[in-house]
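A.B. asks: Just passing along the structure, written as structure tokens.
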Ligand code: SF4
């Protein structure tokens with residue numbers, strides 16, 4: 001498919017998605033941003049949790065609907081002060097319909113507990129609600145099609161801090177191509193919420209030496225949340 005045809009197809013798909021969610025305003029986003037999977041500014045969205053979950057679980061707005069087993073909407077406290085956002089469900093998550101339940105998820109639970117928080121007291125979600133085949137990186141049109149679910153989840157939860165897990169989640173949420181190694185350890189603004197990028201737990205399973213780096217990021221989050229820091 002030629003580039004102009006691909007552009008027309010993607011813009012049509014985005015328009016259909018926005019319309020189905022009751023969004024009338026056309027995003028004035030540059031094509032280069034759309035192409036990189038970046039969405040428009042927040043649009044009016046009054047969906048309740050029930051509506052949002054129902055829409056997500058029946059969603060066929062992108063090609064991933066054809067290959068998923070379960071939609072992974074998100075789990076945890078809907079009044080959480082801390083929200084974790086990953087890139088997309090993996091095989092275990094796709095099977096169970098729950099986020100971060102595989103080995104990486106078990107490590108995430110340990111990290112959360114080390115912060116002095118119970119896993120059920122945070123909210124965990126992904127940028128994409130359906131698993132990309134073979135865990136390939138999300139495509140820009142898939143991110144655009146799915147973005148309003150996460151945006152509405154954040155708006156409903158109103159967390160104090162979002163922790164973006166891994167390169168793809170951080171770059172997608174922050175609309176940047178800056179490497180995760182440069183992003184982590186710093187707070188950014190995500191629609192009025194402080195966002196801390198850090199390494200993905202799956203990366204830590206392959207690079208255990210980086211656990212100390214993630215722990216540094218977690219302590220910055222704990223400080224922001226007013227949680228007691230471990231004594232040195
Ligand atoms: S990834 Fe998101 S937009 Fe695509 S089908 Fe799943 S819920 Fe819908």
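The values are calculated or read from the model by the stated rules, or taken from the named source; none is laboratory data. Remember, it's a predicted structure, so these values are computed and weren't measured experimentally. So basically every Cβ, Gly included, is an ideal-geometry build from the backbone, and we count neighbours across all protein chains shown.
A.B. asks: Return yes when residue 120 is part of a helix (DSSP H, G or I), surrounded by fewer than 22 Cβ atoms within 10 Å (Cβ to Cβ), touching a residue at least 40 places away in the same chain (Cβ under 8 Å) and more than 16 Å from the ligand (Cβ to nearest atom) and no when it is not. Lay out the reasoning, then the answer.
C.D. replies: On the way: part of a helix (DSSP H, G or I): yes; surrounded by fewer than 22 Cβ atoms within 10 Å (Cβ to Cβ): yes; touching a residue at least 40 places away in the same chain (Cβ under 8 Å): yes; more than 16 Å from the ligand (Cβ to nearest atom): yes.
Judged against the criteria, residue 120 is a match.
A.B. asks: Among all residue pairs at least 6 apart or on different chains, which show Cβ distances below 7 Å where the first residue, located in the stretch 50-73, is within 17 Å of residue 125 (Cα to Cα) and free of Cβ contacts under 8 Å to residues at least 60 places away in the same chain and the second is part of a loop (DSSP other than H, G, I, E, B) and near the ligand (Cβ under 6 Å from one of its atoms)?
C.D. replies: 57/71; 71/59; 71/129; 71/130; 72/129
A.B. asks: For residue 92, only one of the following conditions fails: (1) modelled with pLDDT of 95 or more; (2) assigned to a loop (DSSP other than H, G, I, E, B); (3) under 28 Å from residue 221 (Cα atoms). What is its number?
C.D. replies: Every condition holds for residue 92 apart from (2).
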